[in-house]
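Colleague: Sharing a structure, written as structure tokens. Questions coming.
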Amino acid sequence: IMACLFIKANVIQKYAEMIYEWAPPYPREIFGPKTEDTMFEFEELIDEIKIELGEPFELQAVELYEQVLARATEFKRNSEWVDRAREALHKTDPNGYPLRKEHKLRYGDARWEPASNPLDAPAPEEQS
């Protein structure tokens, strides 16, 4: 489920990025000859359109990424998809979604130790 939510969010986010990177040609028939004022007016209009078109997709992607984190918390699971969703949210709002620090295990830091020999080890000899 988390993989599907992440992939859907990622596709929607890429669509928003595509809108933000869109650069239409300058329409001379609407704005007339290129001058500094008309270029500024045109670029300002395009920026408004990009925000108007791209923002809903970006918000929808953020909601889906948040669902991935919520499901991970609900089911007490962590996976590559959860980490990637956390990274994507961190890119949109670094203060709101801090990255988790990797815990480096040192000798003796393990939370649990095996209670018995590995499953494929030969059975111990019985002592009499």
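The values are calculated or read from the model by the stated rules, or taken from the named source; none is laboratory data. Just so it is clear, the model here is predicted, and its values are computed rather than measured. Positions of Cβ are generated from backbone atoms using ideal geometry, with glycine treated the same way; all protein chains shown enter the neighbour counts. Keep in mind that these areas ignore ligands, DNA and RNA; they rest on the heavy atoms of the full protein, side chains included. Shrake-Rupley method; radii C 1.70, N 1.55, O 1.52, S 1.80 Å.
Colleague: Every residue in segment 1-34 that is among the aromatic types (Phe, Trp, Tyr) and closer than 15 Å to residue 49 by Cα, please.
Modeller: Those that are among the aromatic types (Phe, Trp, Tyr) and closer than 15 Å to residue 49 by Cα: 15, 20, 22, 26.
Colleague: Tell me which residues, restricted to segment 8-22, are farther than 19 Å from residue 85 by Cα, among the aliphatic types (A, V, I, L, M) and either outside any helix (DSSP H, G or I) or open to solvent by 70 Å² or more (accessible area, probe 1.4 Å) (or both).
Modeller: Residue satisfying the conditions is 18 alone.
Each row is one residue, and each column tells you yes or no for (1) modelled with pLDDT of 85 or more; (2) in a helix (DSSP H, G or I); (3) not aromatic (Phe, Trp, Tyr).
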residue: 58; (1), (2), (3): yes, yes, yes
residue: 63; (1), (2), (3): yes, yes, yes
residue: 68; (1), (2), (3): yes, yes, yes
residue: 77; (1), (2), (3): yes, no, yes
residue: 82; (1), (2), (3): yes, yes, yes
residue: 86; (1), (2), (3): yes, yes, yes
residue: 94; (1), (2), (3): yes, no, yes
residue: 113; (1), (2), (3): no, no, yes
residue: 127; (1), (2), (3): no, no, yes
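Colleague: Would you check if there is a residue in segment 39-48 being in contact with a helix residue (DSSP H, G or I) (Cβ under 9 Å, 6 or more places away or on another chain), open to solvent by 30 Å² or more (accessible area, probe 1.4 Å) and either of a type in the set (Ser, Thr, Tyr) or not in a helix (DSSP H, G or I) (or both)?
Modeller: Scanning segment 39-48 turns up no residue that is in contact with a helix residue (DSSP H, G or I) (Cβ under 9 Å, 6 or more places away or on another chain), open to solvent by 30 Å² or more (accessible area, probe 1.4 Å) and either of a type in the set (Ser, Thr, Tyr) or not in a helix (DSSP H, G or I) (or both).
Colleague: Name the single residue, out of those in segment 23-38 being in a helix (DSSP H, G or I) and of a type in the set (Val, Ile, Thr), that is surrounded by the most Cβ atoms within 10 Å (Cβ to Cβ).
Modeller: Per the criteria, the residue is 38.
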